[in-house]
1. Which residues' amide hydrogens lie under 5 Å from the amide hydrogen of residue 123, considering only partners 5 or more residues apart or on another chain, with H built in the peptide plane?
2. Evaluate the relative contact order of the chain (contact order divided by residue number), counting alpha-carbon pairs under 8 angstrom at least 6 apart; express in whole percent.
3. Evaluate the distance, in nm, between pseudo-label points positioned 7 Å from the Cα of residue 219 and of residue 241 along their respective Cα→Cβ axes.
4. Could you pull out every residue, at least 5 positions away or on a different chain, whose amide H is within less than 5 Å of the one on residue 261? Hs are placed 1.01 Å off N in the peptide plane, and Pro or chain starts have none.
5. Counting DSSP beta bridges with both partners in the chain, what percentage is antiparallel, nearest 5?
6. Using θ = phi - 60° and the Karplus form 6.51 cos²θ - 1.76 cosθ + 1.60, what ³J(HN,Hα) does each residue of segment 100-113 get, whole Hz, x for Gly and Pro?
7. Report, largest value first, the span of the C-alpha coordinates of segment 156-205 along each principal axis, in whole Å.
8. Taking 7 Å along the Cα-to-C-beta vector as the label spot, tell me the residue 31-residue 135 distance in nanometres, rounded to one decimal.
Amino acid sequence: MNDKFYDSVLSLGFDSHRIKLWEYQYLLGRDFTIEYLKLNNAFSADSVICEIGSGEGGVAQALALAGAKEVLCTDILEHRLEAGQLMANNFGLNIKYIYHNVMEDDIPAEWLGKFDLVIFRDVMEHLEDPELAMKRILLLLKNDGKLFITFPPYYSPYGGHQQIVRGNIFSKLPFIHYLPKNIFKLLVSSGLDYGIDEVMRLKDYRLTPRKLKKIAKKLNYSISTEDYFLLRPVFKPRFNLPAFKISFLKKIPGLIDILSLEASFVLSKSGNNYEHK
């Protein structure tokens, strides 16, 4: 692999867990997301981009290296932002990492109407009020800006995120989040504490493509792209499995919810009159 940035980050001496998190983000961005966004008219070499819930910002770094004019990464985990900023600074990338909670914090005036593209990758399903998040993102976008959202539909095999519960044999099983709440909690609670509260929250939220599209319509977003993957694009850097798209099944809502491990949307602000109030 002849990738100077990749080699530069590896030379910084982060622990193996941090490198593993960053690596799959960066390789996903470099090998898939850039081309996907270009094909869907959501990224060009002069784009101004914001990634919300970026972690170390590997996807954003790949976009910066591909020519993005300016990139902002936000998250609520400061240690991940600090790592990402060090990576970007080491290679002279024009990326700012800033602590910001899109659901609660005031939006700085200089961010309003600034961005050509906002990325919300595997974040929306963790939010209690996705409609509020999408309202606030409208404030960040230029009039013709795009919002790129990915998430695992709740009713997909691991849509309950049970796999994040550590030290638990049940968390390896697909579809156990279909069980009644008290039984599901009993099963996942046999593991370590990490992740249990989160999977129980997701059981209440249950984000589906149909719910997301309903919110988009209410807020006057237009859907530019609606794709579904049986094998997620991130499986390539994580498990060396190629992305496999099943968007042809999207006219069968119940089936697509069960089979797709990732729903992917590019939404456009075009014609939207929402204003900050």
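Read the figures in this text as sums done on the coordinates, not as results from a lab. Since the structure is predicted, the reported quantities are computational estimates derived from the model, not experimental observations. Note that we place each Cβ from the backbone using ideal geometry, even for glycine, and neighbour counts take in every protein chain shown.
1. For residue 123, the qualifying residues are 150.
2. Working: 523 pairs, mean separation 47.3, N = 277.
Reported as a whole number, the value is 17 percent.
3. 3.0 nm
4. Residues meeting the amide H criterion: 229, 230.
5. Working: 15 of 34 bridges.
About 45 percent, rounded to the nearest 5.
6. With coefficients 6.51, -1.76 and 1.60, one gets 6, 9, 5, 7, 10, 7, 4, 8, x, 4, 6, 8, 5, x Hz.
7. Ordered largest first, segment 156-205 gives principal extents of 22, 17, 16 Å.
8. The two pseudo-label positions are separated by 4.1 nm.
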